[in-house]
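Data first, discussion second: the structure below is written as structure tokens.
A short reminder: the numbers here are calculations on the coordinates, not readings from a lab. Keep in mind it's a predicted model, so treat the numbers as computed, not measured. Heads up, the Cβs are rebuilt from the backbone with ideal geometry, glycines too, and the neighbour counts pull from every protein chain shown.
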Amino acid sequence: AMPAYDERPRKQFEAMLLFKFGLINAMMAVQVANILYQHFNGAHPVRVHIAVYTFVLWNYTENMADYFYFINSSALKFYQQLNQQLRQVLRENKLLHYFRLRGQRRGTVPHLCGLLCDRLDTLAQRYQQINRLYQDSLTMHQFQILGLVFITLISNLTNSFILFNLFVKHSESGASPAIVLNALHAIIFYVDTYIVALVSENTSLELRNIN
């Protein structure tokens, strides 16, 4: 019978993709709402144009980040599943070693050892294929990753400046819709950035466990 593997890597992969999709749509809705609020409330045209430009730039960088996130998430799922299978091979190997020491099933144990070796060789080939695709993706998108880091730095400075400016202007009148929208945008942006960094860190951890 085929060993029953844990379905958590696949379920986590699907759940995180859905969560990322929700974050993207939430951030897009917040930015569109901010642009419309500034336009219909008589904001300076330059501020409206900057908001539109920021929205377009965000879409470009978000497409790069989403592709990189999907590659990392897929690699993480495959590495987790590969680790599960390697642990299963180790357990079966210990069991066969126990049978060999007990002198049981002398005709069967060598045959099962051969099957286990074939299975381990197949896992090694799968690992090489997955790792090659993952490393090629990192090499191919290294400039996009550098641009993403640069955009994150700019967004940090921009969010801090906008929120400080809005708080100073509206400190007496209370929280305005502009403050709420920009605060929501900053929160969603940092959650999105944290998820991408978390997946990358978990992928590196799974690679260390395999090696």
ask   = Put +1 on the Cβ of every Lys and Arg and -1 on every Asp and Glu Cβ in region 27-116; which of HIS39, ALA29, VAL89 then has its Cα farthest towards the positive end of the dipole?
value = VAL89
query = What is the extension gain from HIS39 to GLN84, computed as 0.36 nm multiplied by their sequence separation minus the C-alpha to C-alpha distance, in nm to one decimal?
reply = 10.8 nm
note = Label model pair SER160, ASN59: point-to-point distance (7 angstrom along the Cα→beta-carbon line) in nm is 2.9
message = Sequence gap at least 6, Cα distance under 8 Å: using those rules, report the relative contact order of region 5-122 to the nearest whole percent.
response = 28
query = So for region 1-131, taking the charge dipole from beta-carbon charges (+1 Lys/Arg, -1 Asp/Glu), which of VAL56, ASN72, PHE19 sits furthest toward the positive end?
reply = ASN72
request  = State whether region 1-135 is rounded, prolate or oblate according to the following rule on the C-alpha gyration tensor (a ≥ b ≥ c being the square roots of its eigenvalues): a/c under 1.5 gives rounded; otherwise a/b larger than b/c gives prolate, and the remaining case gives oblate.
outcome  = prolate
request  = Check the straight Cα-Cα distances from LYS94 and name the aspartates and glutamates below 20 Å, setting aside those fewer than 8 residues away within the same chain.
outcome  = ASP118, ASP121
key: For region 182-198, Karplus couplings with θ = phi - 60° (6.51, -1.76, 1.60), whole Hz, Gly/Pro x   = 5, 5, 4, 4, 5, 4, 4, 4, 6, 5, 4, 5, 5, 5, 4, 5, 5
task = Please find the FRET efficiency linking MET140 to ARG47, where r is the Cβ-Cβ separation and R0 is fixed at 45 Å, and quote it to the nearest 0.05.
result = 0.75
remark   = Expected unfolding gain across LEU23-GLN129 under the 0.36 nm per residue rule, minus the alpha-carbon gap, is 35.0 nm
